Every structure is written in structure tokens, then in C-alpha cells.
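See structure below.
Please treat every number below as a calculation from the coordinates, not as lab data. Here the structure is a predicted model, which is why all the values come from computation and not from measurement. Virtual Cβ from ideal backbone geometry, glycine too; neighbours counted across all protein chains shown.
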Amino acid sequence: MDLRRSLRRWAYARPRVLVTDMPGHDVLRWQVEAELDRRSWAYATSPADTDVLIVLGEPTGELSDAIDLLWSQVPTPRHTFGCSDANFLSRRLDQAIEALANSTTADANRQTEDDARARLASAGLADDADASSSAGQDMGGHAGDDMGGHAGDDMGGHAGQDMDEHAGHDMGGHAGHDMSGEHTGHDMGGHMGHDMGGHAGQDMDGHAGHDMGGHTGHDMDGHAGDDMSGEHTGHDMGGRMGHDMGGHTGDDMSGEHTGHDMGPGHDMGGHAGHDMSGHMGHDMSGPVAGLPMAQTAQDRDGLDLDVLSVALGPVLPGWPTGLVLRAQLQGDVIIDAQLSWTSGADNEAGDIPGPAQARALDHLARFLVVAGWPTQARQARQARSGLTSSDPAVRARAQEAAVRVARGVRHSRTLAWSVAGMGHLTDRDPERPDDVLARIRRWCDIAAGTSDVAEPGPVALPTLASALEGSELATARLVVASVEPKRALTRVEGVRTGA
Amino acid sequence: MPELAADVGTLASTWGVLPAALVVAAVGVLLGVLVSAADRAVVTGQGVRAGVEPLRSGMQLLLEQRRRTLAPDRLLWRVGGAAVPVVALLSMAVVPLAGRTLWSTSADLVWFNAMEALLWAAVWLMGWGPNAVHSLTGGYRFLAQGLAYELPLMFSLITVGVAAGSLRSTDVVAAQDGLWFVVTMPVAFVVFVGGAAAFAFWGPFAAPTGADIAGGVTSELSGLDRLLLLAGRAVFLGATAAMAAALFLGGDAGPWLPGPVWHLLKTVAVVAGLVWGGRRLPLLRPDRVVELAWVVLVPLTLLQALVVAVLAVSGFYA
Amino acid sequence: MTELSSIEVTALIALGALAVVFGAAVFIVDSMARATFALLASFLAIAGALLVLDLVYLAVVTALMMTIEMAVMAVFMIMFMMNPAGLMPMSMVHNKRGSVLAGATVFAVLVTGIWMVDWPTRRGLVPEDPTRQLGEAIMGSHMLVMLVIGIALFGTILAGTVLATSRGRYDRFGPDLKAPRPDDPVRGGVGR
Amino acid sequence: MTGEVVLQIVLTVAAGLVGVGLYGALSQQSIVMIMMGLELVLNGVLLAGGAAWFLITPELPDAQMLVVVTLVVMAVEMAMGFAVTIAIYRSRQVDMVDMATELKG
């Protein structure tokens, strides 16, 4: 046993960490990242890649739910802790290793629950854990994902929910239930293959926060008569990735479904076995919480291809925590982009963190992560941490490192070749380019600390969203990473652009 | 199967099929560990201490829960996951070790290339299986990138075949008796190493697993699935380095030291060059790289093949 | 080297049978991705059979080409609808009975022929290097075939590109072809 | 087993591939699926060619050439099939043969 234990300890000595920071906790994040870099721990790129989830600050509102769901996607063994200051950081990271090494698969579920409660407790939310509701977010960029290990059985990961009554329930039996109260925040994702027929006539009001994404291959017949339009705020239908609604690409699902407009030339007869009649009376008209259903649209090469509704964010590597990009994807081209902050992340942080040079380096580091340049990103992070040190010798070395990173990035021809000419925020002016490259070079100038270039102001979300229109996913990520998106004191409603 | 190589003994014919296959697989895995250790050392800045990290990560992934997603295509997902390391190990079969290959066919070079093509299918399946946006986007990126790299890579292999007058990798090594092929075909060498890195979606070609799509193909993988994919990729890169050393750097030729040591040294040199050079670059965005590959690399490698063909006809390699 | 051992005969027939099973699966499975990869499995089984028959080069080339083709095909099918991700029942057939009949008839006729014909006895031995035999034929006695193939492939590349693209140079460089930069939706890597 | 019986068995398997492929090519509506049917037919030809070479005339390269030509035909068929599908789809949003015929003009 001891041998196995020490083996596990050895295996988990370098866990992969996902750091999520609430607004206003940048300096804390820098400290955490400095410690992680010192220990050569890896940064996770997705929940599946995560061993340890560190939450900086107290998540509130929708962001809290988003993080709960994100946590539910992390495979066991796993560990999470909240963190409001850098005290005992090193010890808590050591404890994380210990916790990972001690957990076994057998008590994974229990541990999951415990961890979730522990984390919520640390965030001061234990009391209303049962009341927390997922207000319709699609979490962690995993549009259409199933939620972690929940495919059907493991209900343990529903952090913060009171799942006791529903464990193992056959959802089919809920016919006629008033689901409003109890099921708030439920993730329906796991109910793959369910027949939803029983839900006919339900009052679906309370289901804000349902993720319907997973209902691939569902028999939706029973929904006849449901009014799907208004009440399902927050439904994410994005899970039909690559799906069309029942295989009928030519469908126009945005209109009234009565009589299905099957698009030019579709032969309904050929779709043997498909009973579309149940969809009569569906009112799927209009966007569901701003998300239109899957439909075809002209792509930029003039082909009508399937589009897929996705939501990116609120937690992604190198992405401003809390920002959500809702868009339709055609292949990997973004159309109809809308940006918004989730509640809980929409407020401007009270104090401006750190010196301008360190902020620029932080910005650069996050951009370099997205641009796929991990070595330079690490250098930028290290320089940033050194600059905030109290030791003048360390600061001097960090200054040299900062200049080195800034020069390396600024003069990289490969990077210029890769990112030039995209993400123009203003009208194209050959004299003064305003593309990703120009913005990044400006961040470099500030990061070097040698010239007094003014820090570029935050960019309003509608401006940013219009710059994303028609770009590829990769481009969009780079464009977002190249600016500072503007937070508002009040929640910014999704801003539609394009058609 | 009929005896394929009468003149050159193979590892399988000397040691028996199973032991030879096990040895070759072990060498492949060791090369994979070498590659990923070197990569880790550069990325995390740990230096030599990163040597154990691949083993540690492997151990950790073995202990980890496998991720289940919603409505996955589980069959194809699992097939893809199993195929990646298998194909990577199969590509080791035609890499000369100590002057002999596991089995010798009259079309070794095409075999190596075919394994790369199978890797396409496997990685695409890994992207397809989980039924998730980022994952599938990664799969698409891999295909687009693969299409652009397939031809230049193929031409660089053909160039080697033309010079050696054979598609058998041991013949190619023998043909470099006087002069390493890298001298007369530097373009083919660079394209081969770069193209193989692109097929292994590594370093500057890692767009299919990029951080901008939350890890892409790997975004929904945990536990064993992730281990298989990452290990397969590392083994493939290691096999590529060993193959590049054999095809362009004279294989086990060299003074004083025994042949296998030379081959190992050259392989390590290729790995070091690949990691050092590759990690100095940011991710090369696929939409830019693809045009470069089609418009610049294809003509360039064709030109390289032409030069080598003229040299071969004039008896330069005889 | 002259005859197949019994293991090889078994392998040959098993691989052939696998190819047929996977081939049938193409039209049975419910998802287009699975149909494509069933077809790929069928091709790989045939590649394996060619390997047993000592045709290494052709086997490897078959595997190489068909893998690439099927990967492209999978993307195509997902692009053009056809029940992409799902495992929903899928039936897109017409004239099923006629087709079954046609398939069965052709099979019956072929099988009758195969077992009725008095096949010639084997002449000669398998050469030491079948790849070299093929190469020398292509570059020697059968060069005309290769020339025709080359031209056909070239024609295919041109015709396929012309059919599939909607934007010509006038769309990219303007009506008088004088635009300094092409008007493309995405900027390429060569800086044009 | 004599060479002739092996040949006949292998050819029967090849005929099975041709039969299945023919069924697919005739019955499917989707253009891509029809292409898959044709590919299966050609797959049978590949097997038959290989068997004929090994079991009848290994000394002559002709059967090998047949396999090469079949591979080329597959590639051409595939490339043209995709190109035509894109062209039709672009103009009519159709990818099934029935519709392609019914929607003339």
C-alpha cells in the first residue's frame, strides 16, 4: 500500500492546473502563476486536461455556476480550492498533491461532492449551495459538450446542487411534473438517448439553465404544443454540433415549424422512419436566448453549409474570464458574433492592478498562450512576476527579461507573418494599421518599459464583436486576446452584429 | 507472407518475429520518451530535470478517469485512440536499427508515408468521436494541414528513393556510403522533418491541438485516451527523427564508434534541432501555412527532385 | 516463394471476407462517419490481402491513397448534411429491390463464370522484387499506359478545380485584373 | 489447396465486393454514397488483379498495371465526384441524384 501511495504521490507531483480569476484578482493570479512556473507545473487547456482547479476570488452570479459546471467536467482524481490571497499558497499547492495522491477512484464521487462543498465553503457560498442555479450558461467553451462524467450515471459532479432526490431518476417519468422549483440548474446533458416524450405539456418555466445540448437523436415528438420560445431562456441548443435537426440540412428551423420548410428540393419521403409530425406547433421561432437554431447559411465561398451555434467562454486559456462569445460556426468561421460578460464578471475591478509594464507583460503572456508560443509566454510571465518584486536586483533582472521578451515578440517575423492583417477594429488605413500585429507591438513597447506609449484603452464589446465577424475561430481568439475588452458596471446585453 | 527480402536479413528473420517486434516497439517508446522529455525541457525551462516528466505524466494519465462525453461516437473514438500509437509503432518497422529493419519491404519509404496517412484518419477520428466543437475543429485543422503537407513530404521521400535507386530504407542507408544525402538534398531534408512535425501536430504545427481551441483534438481526452494520443505522437516524432537520420544523415555511418551509437547520436541531434528550432517559433496559423505549402513547398520539392534526378542520371550517386 | 502457405491462404480469404463485411457495413450503418470508415476498413483489408500476395508497393499505395480519400470523404459528408454526427436511423435509398436484384445477379453471374472457367495454370515465379518489376514496366514496356494516366490525372486536377471553385481570377483581381492584392476572404501565407 | 481453387475462392470474394458495391451504387440517393458504391466495385477489381498476378502470371507486370490503373480510376472518380457534388450543391443546394434530375432548369 505504501508503495502504491508513494507512486501516486510521485505521479501527481506535477499536476496540471486550471486557474480562473474573478475580476480584480489579477495580481493574485500573477502570484499564483509565478508559483506554478517556479514548480514547472503545466497549465491545463481544457477541463479534461485539469487536475487542480484554482478559483481566485469569490465567484458570484452566473460565473459561479459556470465554474461549478466546469468543475463537473474535470476527470477524477481532482482537487480544487478557492483562494482570496496569496497566504499559504505554497502549502495549499502541496496539499493539492496530497489530495490527488490520496484519492482513489472508489471514493471519487464522494470526494467530488466534498470538494465541491469545500470549495463553495471557502468561497462563502455553502449556505446557498443548494439554491444555486445554472442560468443557462454553456460552460467553459464546451459548447455541446456533455458535462463531464455525467453521461448517464455519475451524478456526483453536480457541484452545489442538491441532487439527492434525482439521483438515478429516469427523466422520462417526469411527465407532467412541474419541474420549475427543483430542477433549476439541472444539466440534462447526461440524459442521452432519452425519450423526452413525457415532457409534453410541462411547464418548462423553471428550466432556465437547462442545457439541452445533448439531446442528440432524441425523439422530440412529445414536445408538440410546447412553447419553446419564451420561457427557455438560457437554453443552449449548441450540442447539435454538426447536427442538423433530424438530418434535414435544408431545414429552416428559425421559422414556424408547422409544415417545415424543408428547403429547396428536399425529399421528405426519403427520410424514412422520421416522423416529423410531432414538430407541428412547435414554436421555435426566433432565437432561443439569442441562439438561433442550426440552419444553413451561405459561407464565404458561396456554399450553403450547416452552421452550428456555439458559445465560447467564460473560461478558456488566455481568455478574459467571464467573457462569452456566442456565435454561429460554419466550419470554423464565425458568423453572427455576440459578446457579453456573464454576471459576476461584468463589473469593472475597483483598483487598477500593478504597474503598467507588468500589465502589458501579462497581456502579452496571455496573447502568446493563444498564439501558441509557450516558451515566450513563460518568459513574459516570469518578467512580470519579477517586476512586482520588492528586491531591486530581481526587478533589474526582470526588466532585462521584459526587454528581451518584448524585443523577441516585436521582431518575430514568423509571428508577424502569422497574425498580420487581421482584426481591424477601425476602418483600414494603410498608414496606421490597427490589426492584431500593430496592437501586440504596442503592448510590446509598453512591456519593454523603455518608451512611454500610452496604454490602449479597453475596447467596447460591440466594436470587438464586429471585428470577429467572418473570421476563423483561431483568428477570433487572437483578436480578443490582443485587446482589453471593456467591462461595464451594468451587464452588457448581447450585441448583435451582421445580418 | 512470402519472404520479402532475400538479400538483406531483417530483425524479424534473425531474432524471430515477436522478439524483434518487441525490441523495435521498445526502441520506439524510448525514442518517444526522448522526444517528449526534450520538448518538456524546452517548454517548461526545466532543463535536464524534465527527463522523468514524460514517465510521470504517463503514470498520472493511467490513474486518471477517462472522460465520457455526451452522445459520442464511442466506437470510432476508441478506434482512433488505439490507432494512433499502433500506427506510430508500425512506422518504426521500416526504420533501420543497427543496419536492419524489423521487416524489409521493397517499398519501405511508401510504407512510412502510408503510416502518416493512417495517422490522419486516426487523429480525425479522435476529433470526431467526442462530439464536441473544439475537438472537431481540431480534427478539421489536422486534415487541412495534412493535405497541404502530404505532397511535399511525399516528394521529399521520392527524392531519396530516386537517389538511392530503391525504396528500401536499408538500401538508402547503403547508398550514402560516400556522401550523405542531406548535402545534395537539403530541401528534402528540411521538408521531411518539418512535414513529419506537422503530421505529428507538434510545436509550430500544433494548430490541431492549439490552446486557442482549448486543446482541440485533445480537449476532450483524459486518462488513457489522452495518454495514447500523446504517446503515439511522441513515438511518431521519434521514429521520424530516426528515419531522417537514416535517410539523410547516413544512418549508422561514422568513424570510431559502433554504428548504432552513431545512428542514435544523429537521431538525438535531429530531435534536438527539431525541438530547439520548433519551440523558437509561435504557432504557424494553418490558413497561412497551407498556402505556403501548396504554392512554395510543392514546386520547391519538385525542383529538388529534378536536381537529384539529373544527378542520378549523370551517375553522381552510382 | 512460389506457393502460398496454408496460413497465407487463410489470411488471404479472411481478409477478403472482412473486406466484404465492411463493404456491406457501408450501406448498413447509421452514421456517415461510420460508413466512410467502414469503407476505409474494407480498403485496408484489401491492402492486407495484396500484402499477402507479395504486392507490397501496391498494398501500401492502396492504404495510403484510400486513407486520404476517405478522410476527405468524411469531411465532405459532414459538410453536405446526411445525418452527420448522429446515430439516428438513416435510410436514403431508392429502388431498393431493383438494386438488390442487380447486385445479386451480377454476383451470381460472376461466380458462375469464376467456377466454370478453366483457369490457366500458373506461369513462372514471383520475381524477387515485384516493385521493381512494376517500375520497369511503367518506365518501359507499359510507358504508354503511364502517359495516358498522367494526362488523365492532370486533366482531372484541372477539371475538378474548375468545377469546384466559384471564384475566378476576375473575382479576385477585379475586372481588369489590376488589383494589387487579391480580394480573398482570408489572406494566405505567401503575402500576395 | 491447389492454386486454382485459391484463385477461384479469392475471385469469388472479389465478386462479392463487386455485388455489394453495385447494390450500393444503384440504391443510394446521395452522390457521395454512390461514389462509395463505385469504390467498392473497384476494390473488388483490386483484389482480383492482385490475385491474378500472383496466381496466374507473376512473371508479367500486366496484372500489376491493372491494379495501378484501377487505383488511378478510383482517384479520378473520387476527385470528379467531389467536384461535381460541390458544383451541383452550389447551384441547387442538392446532393441527391433524384433531386438533381427532378430539378432540371
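For A:Leu312, the residues whose modelled amide H falls within less than 5 Å of its own, excluding neighbours fewer than 5 places apart on the same chain, are A:Leu325, A:Arg326, A:Ala327.
Please give the length that would be gained between C:Thr10 and C:Asp118 if that part of the chain were fully extended, namely 0.36 nm times their separation in residues minus their C-alpha to C-alpha distance (nm, one decimal).
Values: separation 108, 0.36 × 108 = 38.88 nm, distance 2.31 nm.
Residue separation times 0.36 nm, minus the Cα-Cα distance, leaves 36.6 nm.
Shielding of peptide C:24-37 by partners, expressed as the average count of other chain Cβ atoms within 10 Å per residue Cβ, is 5. For region C:128-182, the average shadow cast by the Cα convex hull is 6.4 nm², which is a quarter of the hull's surface. Would region A:356-481 count as rounded, prolate or oblate if I go by the C-alpha gyration tensor, calling it rounded below 1.5 in a/c and otherwise prolate when a/b exceeds b/c, oblate otherwise? Prolate shape, in that a/c is at least 1.5 and a/b is the bigger ratio. The string of couplings for region A:403-417 from the Karplus curve (6.51, -1.76, 1.60, θ = phi - 60°) is 4, 5, 4, 4, 5, x, 6, 5, 9, 6, 6, 5, 4, 4, 4 Hz, one whole number per residue in order, with x for Gly and Pro.
Karplus-based coupling profile of region A:4-12, in residue order and whole Hz: 4, 4, 5, 5, 4, 4, 5, 5, 9, with θ = phi - 60° in 6.51 cos²θ - 1.76 cosθ + 1.60 and x standing for Gly or Pro.
A cut-off of 5 Å between modelled amide H atoms, ignoring neighbours fewer than 5 places along the same chain, links A:Asp434 with A:Asp429. Between the beta carbons of C:Glu3 and C:Ile151, assuming R0 = 45 Å, the FRET efficiency works out to 0.70 to the nearest 0.05.
Spin-label model, B:Ala98 to A:Ser390: label points 7 Å out along the Cα-to-beta-carbon direction sit 6.2 nm apart. Relative to the longest principal axis of the Cα atoms of chain B, the long axis of helix B:53-63 lies at roughly 50 degrees. Site pair A:Arg407 and B:Leu151 shows an inter-label distance of 4.1 nm when each label is modelled 7 Å from Cα along Cα→Cβ.
Using only the alpha-carbon atoms, how far is helix B:17-44 inclined from the longest principal axis of chain B? Give it as 0 to 90 degrees, nearest 10. Compared with the principal axis, the helix lies near 70 degrees.
Computed extension gain for B:Leu302 through B:Val52, at 0.36 nm per residue and net of the alpha carbon distance, reaches 85.8 nm.
With contacts taken as Cα pairs under 8 Å and at least 6 residues apart, region A:356-481 reaches a relative contact order of 28 percent. Placing a pseudo-label 7 Å from each Cα along the Cα-to-Cβ vector at C:Thr165 and B:Arg78 gives an inter-label distance of 4.5 nm.
Between C:Leu158 and C:Arg181, what's the calculated FRET efficiency when r is the beta-carbon distance and R0 is 30 Å? Round to 0.05. Working shown, then result.
Values: r = 25 Å, r/R0 = 0.84.
Taking R0 as 30 Å, the efficiency between C:Leu158 and C:Arg181 is 0.75.
Estimated from the Cβ-Cβ distance and a Förster radius of 56 angstrom, the FRET efficiency linking C:Leu101 and A:Phe88 is about 0.10.
Rounded to the nearest 10 degrees, the inclination of helix B:223-248 to the longest alpha-carbon principal axis of chain B is 20 degrees.
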